[in-house]
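Notes follow the structure.
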Amino acid sequence: MRIVRILAGFALATLASAVTLVAFVYAPGDWGGLSADLNGDRLSEAGYFALVVTPWVALWAALPVLAGVLLAETRKIGGFTFYALAGIATAAAGFLLLDYREPPGVPGIFRAYALIAFLTAGLIGGGVYWASAGRYAAGAASKAPKPS
């Protein structure tokens, strides 16, 4: 049952991170006219894009997440702060890896905006993992707050 909890949490966190990254694809200038453009086609496009991005997020995050889950499960860590920071660290590692692959001297991704997008996606992913699986890590369930 523990493996199912971990895998389900990873799947939900990956999807949440992908949706967050897709939200950053639509530039802040687009948010002003979003209500006028909000139609079925635009939402379908965003949903499809999130589903396309999700496996890539899962692939790039798998090893750091595995290390974090092993640490949390063996040390019985069930606090939100650990999972939020682990998500941010995983996202920062992914960003640095992508940034490192950019050729020097060639303008690449807009670094500040992309870094904010990655870190926000990591925070959201870590929070979703904690809410769905992390707070029940190896005996931390007795300390986890009961939903009312």
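The values are calculated or read from the model by the stated rules, or taken from the named source; none is laboratory data. These figures come from a predicted structure and were not determined experimentally. With ideal geometry, Cβ positions are generated from the backbone for all residues, glycine too; neighbour counts draw on all protein chains shown.
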ALA144 surrounded by fewer than 18 Cβ atoms within 10 Å (Cβ to Cβ) and either modelled with pLDDT of 80 or more or in a helix (DSSP H, G or I) (or both)
no
Name the residues in the range 57-71 that are buried (at least 17 other Cβ atoms within 10 Å of the Cβ) and farther than 15 Å from LEU96 by Cα, would you?
ALA58, VAL65, GLY68, VAL69
Taking interchain pairs and intrachain pairs at least six residues apart, which have beta carbon atoms under 8 angstrom, with the first residue in the range 16-43 and closer than 16 Å to ALA121 by Cβ and the second in a helix (DSSP H, G or I) and modelled with pLDDT under 65?
TYR26/LEU34
Considering residues that are under 12 Å from the mean Cα position of the chain (by Cα) and surrounded by fewer than 20 Cβ atoms within 10 Å (Cβ to Cβ), the number found within the range 72-93 is 5
